[in-house]
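To keep things clear, I will list the structure first and then write my remarks on it.
None of the figures in this text is laboratory data; all of them are computed from the coordinates on show. Only a predicted model underlies this, so the values are computations on that prediction, with no experimental measurement involved. Using ideal geometry, Cβ is built from the backbone for each residue, glycine included, and neighbour counts are taken over all protein chains shown.
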Amino acid sequence: MKHKKVYIETLGCQMNKSDAERMYGMLEHVGYSQTENPKEADLLIINTCSIRQLSEDKAYSQIGVWGKMKKSKPDLKIIFAGCVAQQGGESILKRAPYVDLVLGTQRLYELPNLIKRIENGERVVSTEEKPFEESEIQINRVKGVNAWIPIMEGCNNFCTYCIVPYTRGRERSRKPELILAEVKKALSEGFKEITLLGQNVDSYGKDLEKGQNLSWLLRQINALNGKFRIRFVTNYPTDITEEVIDTVIELDKVCEYFHIPMQSGDDYVLKKMNRRYDYATYKKICDNIRSRIPDVTITSDFIAGFPGETEEQFQNTLKAMSELELDYSNTAAYSPREKTVAAKWTDLYIPEDVKTERLARLNEHNRECCLKSNKKYIGRELEILVENYEVRKNGNKVITGRTRNNKIVHVPFDKNITGEFVNVKITNAKTWYLNGELV
Ligand code: SAH
Ligand code: SF4
Ligand code: F3S
């Protein structure tokens, strides 16, 4: 049988990238091999993100290009998957008549059944809110050093700006057997860093047997043989338990790194965002982690120009960023998302130019915080896991790796030692990375 070829274009977060690896895995079982070239594909999949309007627009413009390809290649099949699909459902078939299947995030594992139906000429929408359960791990992982492994999916928090609870459904934990099997497989394939992934990793296990929580899972993975690192993202500030902090301190493989999105430094805005903490509470959590874990890196997410945000309230965000000495933050201008609560507050929308200007100031502040954080490490000796080797245009040969606390380090070295752990001395600090030399 001639192998058919599939190409997947992935937008959005690590969860989507992980879903793409699963789609490749499932499709291999039904006779599709992966291609990097959309022009030679028999099946094209767009794996969409709807966190902001811009990401959603990108999906539709890409699919338009593919639709034209179908005119000269009538057997070409097109799948519209991911977060926009879960939300848009039936309407996508109407809007994009060349799409054969709309596959919601919660129906991912139904793909092998659905592919047969579209191969027979049907047009299908599968976006039911009931998650289609996975029965065994089917994954075709992109080779590398870092393996991203989902442990839970969905979100119950309903922050007023956020679409994720609508696109990923309610929180549910993956079965520990499946996670552990997947971790073991990745390690046997040579991966050196495991990042456990979830919209709120602290919720892991709430729907499982008593005692099976994030700390328990970290202990199971830490007990596996070999030298490797373990990380986890994302934490919801007030859900981080003392037990998790203890686990990070006790377990040798778990890295000193927390990503704890704060979103705003202003109490009134936080309330309007439906975040369940105020600035003082977040600060206490941060201070506690920093006092217990030396050299810990804490990163965050912030939104500029949330509906109704005043200049003064925005400045509280800038203040928070520096007062808490956040090591790095993802930033974005508020983008109204249909269905969400805040999107209805149209009379409070902040004008585009103001949002853009606030975002620019937020980014500038972020750069200062990053540089300050990086400078702390000049002269220190740290272990890096090498992730990349590059011969630059000027002939310089450089390896790049990350420290346990997630700092990127560039080191001159003339051999590709990707996947190895080496000790380096930090010689200089830039905004986004450190320079070092081998010791
Ligand atoms: N579960 C994580 C984040 C998931 S979404 C958490 O609770 O923090 C990733 C980030 O996208 C969010 O932290 C937020 O900063 C940003 N984001 C979400 N919705 C947004 C919107 N409508 N406009 C701008 N940024 C948004
Ligand atoms: Fe979105 Fe809030 Fe859930 Fe994070 S916690 S995914 S920001 S609703
Ligand atoms: Fe991720 Fe975007 Fe969906 S950030 S969860 S792919 S909306």
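Got a sec? How would Thr317, Thr431 order by Cβ neighbour count within 10 Å, fewest to most?
Thr431, Thr317
Would you mind putting 119-131, 37-49, 238-250 in packing order, based on average other-beta-carbon counts within 10 Å, highest first?
37-49, 238-250, 119-131
Bin width 10 Å, origin at 0, all Cα-Cα pairs of segment 1-68: what percent of pairs per bin?
21, 48, 28, 4, 0
Placing +1 at every Lys and Arg Cβ and -1 at every Asp and Glu Cβ, with all other atoms neutral, what dipole size does the chain have around its Cα centre, in debye to the nearest 20?
960 debye
How big is the charge dipole of segment 1-119 about its Cα centre, in debye rounded to the nearest 20, if each Lys and Arg gets +1 on its Cβ and each Asp and Glu gets -1 on its Cβ?
Computed charge dipole of segment 1-119: roughly 320 debye.
Express in whole angstrom the spacing between the alpha-carbon centres of segment 366-406 and segment 145-177.
Taking the Cα centre of segment 145-177 as reference, the centre of segment 366-406 is 30 Å away.
Pick out, from Met69, Val99, Ile151, the residue whose Cα sits farthest towards the positive end of the charge dipole of the chain, with +1 on the Cβ of Lys and Arg and -1 on the Cβ of Asp and Glu.
Working it through, the farthest residue towards the positive pole turns out to be Met69.
Going down the table (Lys271/Lys344; Lys58/Lys143; Lys70/Lys143), which pairs top 24 Å between alpha carbons?
Lys58/Lys143; Lys70/Lys143
How big is the antiparallel share of DSSP beta bridges in the chain, given as a percent to the nearest 5?
Of all bridge pairs located within the chain, approximately 35 percent are antiparallel.
Would you calculate a helix-derived [θ] at 222 nm for the chain, using -39,500 (n - 2.57) for each DSSP H run of n ≥ 4 and dividing by the full residue count, to the nearest 500?
The helix-only estimate for the chain comes to -10500 deg cm²/dmol at 222 nm.
What are the equivalent ellipsoid semi-axes of the chain, built from the alpha-carbon gyration tensor (square roots of five times its eigenvalues), in whole angstrom, biggest first?
35, 29, 23
In the chain, what cysteines have no partner Cβ closer than 4.7 Å?
That list is Cys13, Cys49, Cys83, Cys155, Cys255, Cys286, Cys369, Cys370.
Please give me, ordered by residue number, the trypsin sites (Lys or Arg not before Pro) of segment 277-356 that lie in loop per DSSP and have at most 15 other Cβ atoms within 10 Å.
Sparse-neighbourhood loop trypsin sites (Lys or Arg not before Pro): Lys339.
Projecting each Cα onto the charge dipole of segment 333-439 (Lys/Arg +1, Asp/Glu -1 at the beta carbon, about the Cα centre), which of Ile426, Leu371, Pro336 comes out farthest on the positive side?
Value: Ile426.
Sort Val145, Val341, Val386, Val439 by Cβ crowding within 10 Å, fewest neighbours at the top.
In increasing order of surrounding Cβ atoms, one gets Val439, Val341, Val145, Val386.
Sort Phe158, Phe302, Phe258 by Cβ crowding within 10 Å, fewest neighbours at the top.
Phe158, Phe302, Phe258
For segment 376-439, what is the charge dipole size about the Cα centre, in debye to the nearest 20, if Lys and Arg each add +1 at the Cβ and Asp and Glu each add -1 at the Cβ?
260 debye
List, in the order given, every pair from Lys17/Lys253; Lys17/Lys372; Lys185/Lys253; Lys192/Lys375 whose Cα-Cα distance in the structure shown is over 22 Å.
Result: Lys17/Lys253; Lys17/Lys372; Lys192/Lys375 exceed 22 Å.
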